[in-house]
Amino acid sequence: MPELLRVLYLNHRQGLFSLALSITGSRQQAEDAVHEAFAKMAGRKPPEGDPVSYVFKVVRNAAIDMQRSRRRDQQVSISLFNGYSPQLKEMDPQFHLLTKERDQILRKAIENLREDEREAIVLKGLAGLTFEQAGEAAGIPAKTVATRYRRALQKLETCLRDQI
């Protein structure tokens, strides 16, 4: 399983981190949740089902446990798109500024979504999971994920229509 975990981590680390961050609201807690989840999985036998949804489910549960055990003093602030942008250093400075402004507006809009909608956006939109995988990771039916994802996209579209 260590090799499988290594491959899963390398292929999905940003999505796993984004999921944990959307739950905990803290970069440090998100990193801790991902680390804790992989430490737990290292001592277990490989899952019978889809390993991708299994990893997301374990990270999600670790983040939820962490959130429950630590009270947040500040408002949730998520940075879901760190690592998802192209190499901005090589871009035109004006384009870089516009991209940065757009990302800030989008982050704020995502922060205003309900937690279940934000989770659907992270699992499906950012982590790139299928609805089935996202459902397994969240412990809900795939159709529920699809509904939450569609509802979140509609809210984002309405919110961002005049801003971007």
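A few comments on the model shown:
- Output for the range 148-164, where each listed residue is of a type in the set (D, E) and under 14 Å from I121 (Cβ atoms): E157
- Residue within the range 25-43 that is at pLDDT 80 or above, part of a loop (DSSP other than H, G, I, E, B) and in contact with a Lys or Arg (Cβ under 8 Å, 6 or more places away or on another chain) present: yes
- Considering the range 123-158, the residues that are of a type in the set (D, E) and within 25 Å of A62 (Cβ to Cβ) include one that is surrounded by the fewest Cβ atoms within 10 Å (Cβ to Cβ), namely E132.
- Within the range 26-48, residues that are over 16 Å from L10 (Cβ atoms) sit with their Cβ atoms under 6 Å from residues that are assigned to a helix (DSSP H, G or I) and aromatic (F, W, Y), at 6+ positions apart or across chains, in these pairs: A30/F17; P47/Y54.
The values are calculated or read from the model by the stated rules, or taken from the named source; none is laboratory data. The structure presented is a predicted model; accordingly, all values stated were derived computationally and were not measured. Note: ideal-geometry Cβ built from the backbone for every residue, glycine included; neighbour counts use all protein chains shown.
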